[in-house]
Amino acid sequence: MLCNGNERTDDEALVLVGHGTDHPSWSSYMAMNQIFAETVGPGVHVGMVEGDYLSPESVIEKVRAEGFKKVRLAPMMLVAGVHFEEDITGDEDSWQAVLEKAGFSVSVTRKGMGMSQDIVGIFCDHVRAALDVIPDQEELFKS
């Protein structure tokens, strides 16, 4: 499976770590995790930096039950910025540190999803579609 341009090997689990939120939309992370489980199968999980669900500990349980000893962490964020540096790969309570303390060999994808041409294409398509429904859009850009 491709992960921001990097291949996941068959012997490693992929954990896509998103920001998370205390807004009810956090459930979209749970939905995505379930969709991956049903469509991709074992070895692909979603985690969150913020929130009580999809924590490193809950992901560790699942990855361990699937028999993986290696984990690839990838930011499910547009850029690999502050949350990547602090929460995914940072100090002793980062995702990487917690997984390593649990005995996993951890590799890290250091590219945000915004580096993917496919993701950029989706953004551009959404902008075009939004512009198509704005009345008199030519007037908006005159000045």
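See the values below:
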read-out	value
Restricting the range 98-136 to residues that are of a type in the set (V, I, T) and under 30 Å from V71 (Cβ atoms), the residue that is least open to solvent (accessible area, probe 1.4 Å)	T109
The range 15-65: number of residues that are charged (D, E, K, R) and either buried (at least 18 other Cβ atoms within 10 Å of the Cβ) or not in a loop (DSSP other than H, G, I, E, B) (or both)	5
Options G18, G81, G47: the member that is of a type outside the set (A, V, I, L, M) and at pLDDT 90 or above	G47
Test: residue in the range 61-79 that is in contact (Cβ under 8 Å) with a residue 12 or more places away in the chain and among the small types (G, A, S)	yes
Within the range 66-85, considering residues that are of a type in the set (D, E, K, R) and open to solvent by 90 Å² or more (accessible area, probe 1.4 Å), the one nearest to the chain's Cα centre (by Cα)	E85
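The values are calculated or read from the model by the stated rules, or taken from the named source; none is laboratory data. Quick caveat: nothing in here was measured; it's all calculated off a predicted structure. Because the Cβ atoms are built from the backbone with ideal geometry, glycine has one as well, and the counts that use them run over all protein chains shown. Just so you know, the surface numbers come from the protein's heavy atoms only, side chains and all, with ligands and any DNA or RNA stripped out. Shrake-Rupley method; radii C 1.70, N 1.55, O 1.52, S 1.80 Å.
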